[in-house]
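The values are calculated or read from the model by the stated rules, or taken from the named source; none is laboratory data. Bear in mind the structure is a predicted one, so any value in this text is a computation, not a measurement. Please note: Cβ atoms are built from the backbone with ideal geometry, for glycine as well, and neighbour counts cover all protein chains shown.
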Amino acid sequence: MSANDFSPLAPQAGSHVREVHDPLHGELLEVSMGPHHPSTHGVFRMIVTLDGERVMKLKPVFGYLHRNHEKIAENTTYLGSMPYTDRLDYLCSMTNNWAYAIAVEKLSGQPVPERAEYVRVILAEITRLLNHTCLAGFLMQDCGCSGTPLMYAFREREKILDLFESLSGSRMMCNYQRFGGCRVDPSADWLDGARKLTDNYGRFLDEFETLLTGNEIIMARTQGVGALSPELAINAGVTGPMLRATGVNYDLRKVDAYGVYSRFDFRVPLGAHGDVYDRYMIRVLEMRESIKILQQALATIPAGPIMDPKAKLRGFRPKAGEAYGRIEGPKGEIGFYLVSDGSPNPYRYRVRPPSFVNLTVLEDMCLGQTIADAVIILGSVDIVLGEVDR
Amino acid sequence: METPEQIRDRLLARFPGAEISVVANPAPAAQHSLLLGHAPAVEIARFLRDDPTLKLDQCSNVTGIDWPEKEIVETTKSTVPDPAGGPPKVVETKIKRIQPGYLEVVYHLYSIALGHGPVILRLRTGNRTDAVTVPSLTPVWRACEFQEREVFDLFGVVLTGHPDLRRILMWDAFKDFPMRRDYVAPDDYEWEPTPHGDVLEKAKRHYPVPPAAAPVAPAAQEAPKA
Amino acid sequence: MLGTGLLKGLGVTAKNFVGSYHDPERYTTIEYPEVKPKLPEAYRNFPFLVTENAMDPMGTLRCVACQICEKECPPQCIYIEKSKDKKPDASGKMQIYPAIFDIDTSVCMSCQICVEVCPFDAIKMDQVFEIATTDRYDALLLRREQLAKPNSYYQSIHPTEAAEVDGRLAADRKAAEEKAKAAAAAKAAAAKAAAAAPAAEAPKTPPPAA
Amino acid sequence: MNAAFLATLSLELLPAQLRDMVTGWLPEPWRWLVNSILAIAVILASFGLLFAYLTLAERKILGRVQNRPGPNRTGYFGLLQPFADGVKALTKEDIVPRGADHLLHFLAPVALLAFSIMTFAVLPFGRNLVAVELDAGVLYFFAAGAATELAVFMAGWASHNKYSLLAAMRALAQLISYELPLLLSFVPVIMIAGSLSTQEIVHRQSGWMFGFVPQWHVLTPWGFAGFAIFMTAALAESNRSPFDLPEAESELIAGHLTEYSGFKYALFFMAEYFGMCALCGMAVTLFLGGWQAPLPFLEFIPSYVWFATKMLTLLLGFIWVRCTFPRLRIDQLTRFAWKFLVPLALINLGTTAFWSLTSGWTGGLQIARWLVAIALVVIPFQLIGRKLSAGLGPRTYRYA
Amino acid sequence: MTLAFLAIAFVTVAAAAVAMALRNLIHSALLLVFNWAGIAAFYLWAGAEFVAFSQLMVYVGAVSMVVLFAVLLTQRSPQSFREQPDSISRVIGALLVGGAVLGVLFGAVLSSRLAPSAATATPTISVKELGSLLMGPHAAALLIVGVILTVTLIGAVIIASTDHAESGKDES
């Protein structure tokens, strides 16, 4: 293969399609899908080498949305980086905030009051509902449904975003959690709104499943497509629903039991084939488990302070040292590695993004499949470019 | 889950010649790490992954850290008997020492099989200019493939043994390494007449006379609708 | 039997089609320009400076130009220049006021950290989102005059929050007055004692009444 | 208008009377010419309008299914939307790629539209409302339909773009592999009706069983199977939802229409809708009893109204399917045609043969005849269906 | 009526002639389609609707596809056509075969006695009788035609696939 001159600055003669002569297969077609392509979920580019319909090679290229979030974090205070974590995985800002807060609390040994832990669990599970609903909608849109499941998913997403807006002030950029608790204490009627949402969510999921899960065309399009073996998944650091779809029982809410997850009983669904259908089903079953957690958490949320009184808002200087905190985000294990040297700015601030690492196996899953399947496999990996490129 | 010291001893027993030491972590999380030499790094990693009691099969996070030269001033207090027989004076001698800078790659390893917590490995380069190679652990865990490419892209650490070491976030024609402490951002600057702070200084430096094309702000400042 | 999944799917779409005519749950579109969206009270967009009353905005600005928000703002979009002279604030104390207070709304991301760190409750979050302009630079740079809005406006957009802030401020003012009164009383007592003891000493002039 | 004329005025014969009134005062040789021109004008006008409002109906129904209003800004409830789209298509710049074969590039949409409109000649819209009374009407219909592949090939080849040619090949593969079940599914109707003339087929379906059940072909076991196969194949022929591969945007390429813009693209769009209307019209004629009234006491409603309502319900069915189903891959699509529809259509021929040979059975044997016919339809469907979807099916998940 | 006859005849012959002359294979293949449409028009003019529409359907619908696919699959770059005949024996062979075919055609035309000039009333034959005729006495002919068509298509594909591999080498 010729030298890799696909960088945006290198002059591109004509369209991004080049004939590549491979002695083994004769005429191969090298096509660049993206960065501006309707089905690549944002500025993500795949350089696909096709033998007719079959994918022979697939090279993901990203970095188009790279704004070096980590360099910015090194020049602002610990608190100043919190609003930027909303922009990492812009679908799940609450879980990003929580992951960052946990890492800083580990770094500085900051205790968190009971009520704040419950509120954090509630918001994380609501974000999981939101993310998995959106994914199901986008995946079916890639399969070719003309927008119907996506619109149903967005109808439910609006209800969740209204909840976030009435609590934190902004729909997607919540900037809600602080080191040692949360910024605003959820009022009683907010909690009633959350209870109403979780009770009705089961009905929406049933309707969604009758439309999609039994659909023969979807089964034909997604079963057996993009299968991933458990050994490769573990070795490639895949985490989240994509890992559990291959049958590996690894859910940080059970393994690390961070926050107050140990007080709620919920189950972790596991797949058997690791293909696109399993990833879709695992996310739907996880939504049902999240509803169970939410109902228990909303029922037993204690009163008390939302913020640790001794937590310092400004002038926050953790002692020198380092810490790696991680939580089970909707897309997988999102972790923050912080090295502090005693100054108000972190010395090194590293985000461990789940979708970035999950993309390692994209080529392994797409080899041998048709180009139409490669689009669906990418959809099932559930990437958000803000988190992949940081 | 064994403490880093126990793991170090077992490793030293297993790999006699290797230089393995524990790097303490003063933060309350107390996640101490193991500093490995370059030669045995890959074997040690493979051993950590396959050892029945550890089974660290998931490499969750690979990070690069840049430690530039640091001037360390060590003040040692020593009591010097006063020649004139008076009370012994306490003399502070300051020894200035330049600690050579280096680039460091940190691996956080977890075990999915046994579910226990992070074992942290640290690999350090010789210095920050020419000896910037570190053995890559991608052959042991494929999870490191993209993250090690990111360390190469943003820090300039050359990971030997990596199957496809290219830039991953920046475009290939990019020369510098942005995440190093001594990285100077390119001064490509578009006219923006915001009249305050460093943006103003930058504007003055670039455009002593503001270009005529600057849009003329409408005179009447209508207050935004209340 | 092959095809039952498809038929059930058709059933769901039919139910939604029919539902969209009678069930408000299934007809979620708000036709924006005609129907204004109902904003929750906690909604925040760009910050604004609180003034005590509307008549003399520049005179009763709560902000004392302490520049904490300028330091804490993550994207550094606030620019403050202190005034040379002082002016009395609500509780009568002589305070510096900001000669220049700019917020570059093209940079601001409405993260409300400035509101959180402001010790004087001088800056709060606004709820205005229709601020499109034709000019990319000056129109988006809101100056002190455009930022200043009366406390009554603050009470109209964030009622509960405003009530709580006013309560706290009133309590602080009352506490400050008692302290001032107590200090005045103590000073008066000390002055009386000093006057009573050495008759010859000229009594100190009493401090200006608070 | 004299009283006698008013008396004989019945809605049923209104169109025929209007035509006679118009051609009445013309000399003999010109009457035939004006008559056919009038028929052409009426068909073009009515189906042109139907096309316009079908695009609007599609977007409104799709909107309502997705809990949103659909276009409602142009005119009341968006009624002027089709004309707005028409003006937009007209004013858009028509880009022809440099290397394209200009003649073929222009000819492709025109040919596609011409062949689609030609198929309307034989559709029986009413009791005596058929443009051309042909003895081999159905054969003419599918002959005109078969030429659309030619136009698709021309479009793909003339765009001088590797993608378009690749997509044209895939579209041709789809059209050809669904041509077979389409033709095989109407053969039983010809076997029972005994004639290729569309009016004859509709007359065969008149009359009522037990006083109120119409004798339509769809209400017989072989007829229902034939109808189902015909509609699935019609979906594929007109590139509609589960088979809309050529215009799949999430695929690699935008199909053989990539290099078309402006009014030529609108022509392709129009040809697709005309094709869809023609196939629905033919389905109504073959299986749903053409312009027959469903119940005896509804006879007073004119026949062309019945034809229109049945065709509209089928068109709404097309739109309903488009709202719900995802897209099949190219290999699944062709495998579905060759391994599922064609065998079922052939078996359906056997069922119809059994049905027509046993038409003499009465009483108890009648029920046996129905049961055997139904069995002949359902059992192969189950067997082939299970073999087709081997390995696919709902899954159960374990919890850790 | 002769005007209509002459028009159709002219279109048919012109289409065939131009098809022969054109260098662009695709254009000539499409012109061939006009030729077949012309023949279908003849049938229609003669009142045999069934034959006209089956001609339209079979030729314009299916055989044109076969021709176009064959042209596409065996599309070789123009310069690899061999312009000059290989050897004299080939030329003589070609002429002999051409002459033989011409002789047979003229023999058949001359021997068949044309009906008297008055066009006999077109026999009103309904589709049902046509069907039974086709399935009865002429069934064998129908089956042979079907087999020939399939053989040609499979042959085209085989030639194309072998050519494809061969042509793949010399020009990428």
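Tabulated data
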| read-out | value |
| --- | --- |
| All positions within region B:115-132 that are more than 10 Å from every other protein chain (Cβ to nearest Cβ) and either out of contact with any strand residue (DSSP E or B) (no Cβ under 9 Å at 6 or more places or on another chain) or surrounded by fewer than 15 Cβ atoms within 10 Å (Cβ to Cβ) (or both) | B:GLY126, B:ASN127, B:THR129, B:ASP130, B:ALA131 |
| Matching residues, region A:118-163, being more than 17 Å from A:TYR280 (Cα to Cα), of a type in the set (Gly, Ala, Ser) and away from chain D (no Cβ under 11 Å) | A:ALA124 |
| Whichever residue in region D:135-149 is among the aliphatic types (A, V, I, L, M) and in a helix (DSSP H, G or I) and, among such residues, is farthest from D:PRO124 (Cα to Cα) | D:ALA146 |
| Selection count where residues are polar (S, T, N, Q) and either over 22 Å from A:GLY332 (Cα atoms) or facing another protein chain (nearest Cβ under 10 Å) (or both), scope region A:64-112 | 7 |
| Test: A:GLY379 is out of contact with any helix residue (DSSP H, G or I) (no Cβ under 8 Å at 6 or more places or on another chain), surrounded by 20 or more Cβ atoms within 10 Å (Cβ to Cβ) and at pLDDT below 95 | no |
| Count of region D:310-334 residues which are closer than 24 Å to D:TYR53 by Cβ and in contact with a helix residue (DSSP H, G or I) (Cβ under 8 Å, 6 or more places away or on another chain) | 14 |
| Residues of region B:1-30 satisfying the condition of being part of a loop (DSSP other than H, G, I, E, B) and within 23 Å of A:ASN235 (Cα to Cα) | B:MET1, B:GLU2 |
| Filtered residues of region A:219-235 (kept if in a loop (DSSP other than H, G, I, E, B) and under 18 Å from A:TYR250 (Cα atoms)) | A:LEU228, A:SER229 |
| Condition met for A:ALA233 (in contact with a helix residue (DSSP H, G or I) (Cβ under 8 Å, 6 or more places away or on another chain) and surrounded by 22 or more Cβ atoms within 10 Å (Cβ to Cβ)) | yes |
| Sole residue being touching a helix residue (DSSP H, G or I) at 6+ places or on another chain (Cβ under 8 Å) and closer than 22 Å to A:ARG128 by Cβ, chosen from A:GLY325, A:GLY321 | A:GLY325 |
| Selection within region A:254-271 - under 29 Å from B:VAL62 (Cα atoms), in contact with a Phe, Trp or Tyr (Cβ under 8 Å, 6 or more places away or on another chain) and within 12 Å of chain D (Cβ to nearest Cβ) | A:LYS254, A:VAL268, A:PRO269, A:LEU270, A:GLY271 |
| Some residue of region A:292-315 being buried (at least 19 other Cβ atoms within 10 Å of the Cβ), touching a residue at least 40 places away in the same chain (Cβ under 8 Å) and either among the acidic types (Asp, Glu) or not assigned by TED's automatic domain parsing to the domain that holds A:TYR118 (or both) | no |
| Candidate set: region B:135-164, residues that are in a loop (DSSP other than H, G, I, E, B) and free of Cβ contacts under 8 Å to residues at least 24 places away in the same chain; chosen: the one surrounded by the most Cβ atoms within 10 Å (Cβ to Cβ) | B:ARG142 |
| Residues (part of a helix (DSSP H, G or I) and at pLDDT 90 or above) located in region A:362-372 | A:LEU362, A:GLU363, A:ASP364, A:MET365, A:CYS366 |
| Selected residue (criterion: nearest to C:SER152 (Cα to Cα)) from residues of region C:43-71 that are free of Cβ contacts under 8 Å to residues at least 24 places away in the same chain and in a loop (DSSP other than H, G, I, E, B) | C:MET55 |
| Scan of region A:201-224 for residues that are polar (S, T, N, Q) and in contact (Cβ under 8 Å) with a residue 40 or more places away in the chain, ordered by number | A:THR213, A:THR222, A:GLN223 |
| Identity of the residue in region A:341-352, part of a loop (DSSP other than H, G, I, E, B) and out of contact with any Leu (no Cβ under 7 Å at 6 or more places or on another chain), that ends up nearest to the other protein chains (Cβ to nearest Cβ) | A:TYR347 |
| Enumerated strands (runs of 3 or more DSSP E) restricted to region C:73-134, each holding at least 2 residues that are out of contact with any Lys or Arg (no Cβ under 6 Å at 6 or more places or on another chain) and facing another protein chain (nearest Cβ under 10 Å) | C:78-88, C:94-104 |
| Members of region C:140-163 that are within 11 Å of chain B (Cβ to nearest Cβ), touching a strand residue (DSSP E or B) at 6+ places or on another chain (Cβ under 9 Å) and farther than 14 Å from C:ASP126 by Cα | C:LEU140, C:LEU141, C:ARG143 |
| Enumeration of residues in region D:318-348 that are under 18 Å from D:ALA390 (Cβ atoms) and among the basic types (Lys, Arg) | D:ARG329, D:ARG335, D:LYS339 |
| Test for A:SER166: is it away from chain B (no Cβ under 14 Å), outside any helix (DSSP H, G or I), among the small types (Gly, Ala, Ser) and surrounded by 17 or more Cβ atoms within 10 Å (Cβ to Cβ) | no |
| Those residues of region A:172-217 which are over 20 Å from A:PRO305 (Cβ atoms), among the aliphatic types (A, V, I, L, M) and more than 23 Å from the chain's Cα centre (by Cα), in sequence order | A:LEU211, A:ILE217 |
| Unique match (being acidic (Asp, Glu), surrounded by 21 or more Cβ atoms within 10 Å (Cβ to Cβ) and assigned to a helix (DSSP H, G or I)) among A:GLU328, A:GLU322, A:GLU333, A:GLU286 | A:GLU286 |
| Region C:9-25, residues that are at the interface with chain A (Cβ under 8 Å from one of its Cβ atoms) and buried (at least 17 other Cβ atoms within 10 Å of the Cβ) | C:GLY9, C:VAL12, C:THR13, C:ASN16 |
| Output for region B:59-77, where each listed residue is within 14 Å of chain A (Cβ to nearest Cβ) and either in contact with a His (Cβ under 7 Å, 6 or more places away or on another chain) or surrounded by fewer than 24 Cβ atoms within 10 Å (Cβ to Cβ) (or both) | B:SER60, B:ASN61, B:ILE65, B:ASP66, B:TRP67, B:PRO68, B:LYS70, B:ILE72 |
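Every residue, every condition in (1) modelled with pLDDT under 90; (2) crowded, with 18+ Cβ neighbours inside 10 Å; (3) under 30 Å from D:ALA293 (Cβ atoms), yes or no:
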residue	(1), (2), (3)
D:LEU80	no, no, no
D:ASP85	no, yes, no
D:GLU93	yes, no, no
D:ASP101	yes, yes, no
D:VAL110	no, no, no
D:ALA114	no, no, no
D:ILE117	no, yes, yes
D:ARG127	yes, yes, yes
D:LEU150	yes, yes, no
